[in-house]
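This report concerns only the one structure given below.
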Amino acid sequence: QKEVEQDPGPLSVPEGAIVSLNCTYSNSAFQYFMWYRQYSRKGPELLMYTYSSGNKEDGRFTAQVDKSSKYISLFIRDSQPSDSATYLCAMSGAAGNKLTFGGGTRVLVKP
Amino acid sequence: SAVISQKPSRDICQRGTSLTIQCQVDSQVTMMFWYRQQPGQSLTLIATANQGSEATYESGFVIDKFPISRPNLTFSTLTVSNMSPEDSSIYLCSVSPNTGELFFGEGSRLTVL
């Protein structure tokens, strides 16, 4: 079993819909949680960074962490075709430590 | 955030040769990491490179195959030695500016024939 599980998709949604992404993990030591967006042939771009449990909102993006369930989510409101990309979750046990990545979910937002 | 430049952005290499990838950061950082992303896969950490000490390699990666240099706080190199087609991947440099976040360069896409 992988340390971080993420549905590979693809997840196809119509433009304007809410995109819901999630990851589950097994290591209770993880405290720092990140979501990255990766366009084809590009490096990962950091979208959201949260520490411990709770919610964080940034524009159209909302990240949620539920440490009791070992479950994290990313929501994208009012999705746009430009949101079509692969989304990777990542986590670590301490600030600046190496990250453990999920496998990534490919998202396609159709106009 | 940090601005990370990688060179080369892509290359096609012959089996048995070696290639050195350079990573330049626009600010001083303690922690630098090298990741590999094989086609259609997620990211796998190769090694952690701290200035002034030997790189720390993850299970499955060895110094003879992936020698790393870290001469100062803004620069690092990763060499992929004696390449085979299985080494065809994107190699990514990343930095953590002591805030917990990890930022990536655009990657170096290697194709080994």
Of the residues in region B:74-113, those that are open to solvent by less than 20 Å² (accessible area, probe 1.4 Å), within 14 Å of chain A (Cβ to nearest Cβ) and touching a residue at least 12 places away in the same chain (Cβ under 8 Å) number 12
Here, strands (runs of 3 or more DSSP E) confined to region A:1-107 with at least 2 residues that are in contact with a Gly (Cβ under 9 Å, 6 or more places away or on another chain) are A:4-6, A:19-25, A:32-38, A:45-51, A:61-66, A:85-92
Somewhere in region A:49-57, is a residue among the small types (Gly, Ala, Ser) and more than 14 Å from every other protein chain (Cβ to nearest Cβ)? yes
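State which residue is surrounded by the fewest Cβ atoms within 10 Å (Cβ to Cβ) when the search covers only region A:78-92 and only residues that are among the aliphatic types (A, V, I, L, M) and more than 10 Å from chain B (Cβ to nearest Cβ).
Taking region A:78-92 and keeping what is among the aliphatic types (A, V, I, L, M), we get A:85, A:88, A:90-91.
Within this subset, residues satisfying the condition of being more than 10 Å from chain B (Cβ to nearest Cβ) are A:85, A:91.
On the way: A:85: 21, A:91: 24.
Among those residues, the one meeting the criterion is A:85.
Check whether at least one residue in region A:93-104 is among the hydrophobic types (A, V, I, L, M, F, W, C) and either more than 30 Å from residue B:56 (Cα to Cα) or more than 10 Å from every other protein chain (Cβ to nearest Cβ) (or both), and report yes or no.
Restricting attention to region A:93-104, the residues satisfying the condition of being among the hydrophobic types (A, V, I, L, M, F, W, C) are A:94-95, A:99, A:101.
Then keep just the ones that are either more than 30 Å from residue B:56 (Cα to Cα) or more than 10 Å from every other protein chain (Cβ to nearest Cβ) (or both); that gives none.
No, that holds for no residue.
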With the requirement that a residue be more than 13 Å from chain A (Cβ to nearest Cβ) and surrounded by fewer than 13 Cβ atoms within 10 Å (Cβ to Cβ), what does region B:24-61 give you? B:26, B:27, B:28, B:52, B:53, B:54, B:60
Is there a residue in region B:73-83 that is among the polar types (S, T, N, Q) and under 29 Å from residue A:106 (Cα atoms)? no
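The values are calculated or read from the model by the stated rules, or taken from the named source; none is laboratory data. Nothing here was measured: the structure is a model prediction, and the numbers come from that model. Note: ideal-geometry Cβ built from the backbone for every residue, glycine included; neighbour counts use all protein chains shown. For the accessible areas, the whole protein counts, side chains as well, though only heavy atoms, and no ligand, DNA or RNA atoms are used. Shrake-Rupley method; radii C 1.70, N 1.55, O 1.52, S 1.80 Å.
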